[in-house]
Amino acid sequence: MPGRDAVEFQQLFEPLYRQCHALARRLVGNDMQAEAAATEAMARAYARWTRVRSLPHPEGWVLRMTGELAAEALDHDDRAASELGRAVAGLAPQLRDAVVLRYLTALDVDEVALVLRMTPEAVRAAVHEGLAQLRLRVAGGAANVFA
């Protein structure tokens, strides 16, 4: 990666890494797996930085990747996962991405639409459906963390 690109990525890295780690921690329930998911997402972004930086919302791409990697980790070993993490990981990918980006990273609907290349209306519908499924999956209505 040329020097200017490396500097640009470095400026983005530290604050975004903390956000990725926090997102993964909420899903997987432990620091070791969260660190692995956040680090892998950042490594993938770095390897594809020329393409990723040209996206409408590069940070969203990295956050989405973190959510996907955390969900994959839960598919392989969910012993340490939170109940919420298991429920989110069980959603269909489009619903999971919309819910994770909207509520676990606090992107607004328009930003989520940019990241997922959907219309804002489609994002709202996916989030609505994803939250409905989470409320059914999470015991005791704990999905109210998304309210």
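Derivation of every value follows stated rules applied to the coordinates shown; laboratory data play no part. A quick note: this is a predicted structure, and the numbers were derived from the prediction, not measured. Here Cβ is always computed from backbone atoms with ideal geometry, including for glycine, and neighbour counts include all displayed protein chains.
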Exercise for the section: Using a Gaussian network model of the chain whose springs link C-alpha atoms within less than 10 Å, name the residue from GLN19, GLN33, GLN94 with the highest mean-square fluctuation. Expected result: GLN94
Completion exercise
Scoring the stretch 13-125 by relative contact order with C-alpha pairs under 8 Å, at least six apart, yields a percentage of 28 percent
Exercise for the section: Grab the Cα-Cα distance for GLU72 and ASN30, subtract it from 0.36 nm times how many residues apart they are, and report the gain in nm with one decimal. Expected result: 13.7 nm
Handout entry: Protection-proxy order for peptides 39-46, 63-70, each taking the mean of Cβ atoms within 10 Å per residue, highest first
Key = 63-70, 39-46
Problem - the chain, dipole about Cα centre (Lys/Arg Cβ +1, Asp/Glu Cβ -1), debye to the nearest 20 - result: 120 debye
Exercise for the section: With mean projected area of the Cα convex hull in nm² defined as stated, name the option among (i) 13.2; (ii) 9.9; (iii) 8.3 computed from the structure displayed. Expected result: (iii)
Practice task
State, to one decimal in nm, how far the label point of VAL7 lies from the label point of ARG135, with both points 7 Å from Cα in the Cβ direction.
Solution key: 5.1 nm
Completion exercise
A chain fully extended from ARG44 to ARG124 at 0.36 nm per residue, minus the present Cα-Cα distance, gains in nm 26.0 nm
